[in-house]
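A.B. asks: Here it is, the structure, as structure tokens.
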Amino acid sequence: MKHHTFRNTILVALFALVTTACSKEDTYNWDFRPENICIQVLDENGTDLLNKENPNHILDQEIVVIYNDKKYKRKRDKRNTNTLMDEWEQEGEDNSIMRSQSPRNLALRYYEVTDVVYPKAEREYCILTFGEFIQGYKDESFTISWGDGTEDEIRFDYYIKGEDSAYPRVYRKLFINGDQYKDGTCSEMLITLTK
């Protein structure tokens, strides 16, 4: 009798252990970086119109983003652009780039980007950024007023499916004035406009 009781106790314990282990689902906690919409502006010859050294630059115009009925004026980021990546990101143990700051407030920012900031950059260039946006946007839009009477509408998607799975998928799409942007750099949310 003792033998059967001991055996039954062991079987019940093994059954409980196996069913508990099998019923546990793996949980994942992903941290997705906030996104900026980055805008480079060139003339028809490929000259950077945001570079103040270009005599035809457009920086003297009042460039404004209109988003959710609020206007955002262009401002220069006061940080040294050569150390911008150092301030934004830090090297992780697995040699991947890890975010070191919380998302910043929405703003229209101006940067001079150099090969020190982005080592793969072929040359120095200047950009405007509007953000930062955390994931969860579908068919979101804002308008850039260039201060010369012209405007461009930027529409974008930035959302994630499968956040609670082992393989989440990040979706990004950019549209300029209703047309999908087909530059191939959509993973970086970079747009090049010609004015």
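A.B. asks: Can you work out the FRET efficiency for the pair I66 and I160, with r the C-beta to C-beta distance and R0 = 22 Å, to the nearest 0.05?
C.D. replies: For R0 = 22 Å, the calculated efficiency reads 0.25.
A.B. asks: Still on this structure, please answer the following. Simple spin-label model, 7 Å along Cα-to-Cβ: K173 to K73 in nm?
C.D. replies: Each label point lies 7 Å from its Cα, and together they span 3.6 nm.
Here, each number is a calculation from the coordinates, and none is a lab measurement. As the structure is a computational prediction, the values presented were derived from the model and not from experiment. Methodologically, a virtual Cβ is constructed for each residue, glycine included, from the backbone with ideal geometry; neighbour enumeration extends over all protein chains shown.
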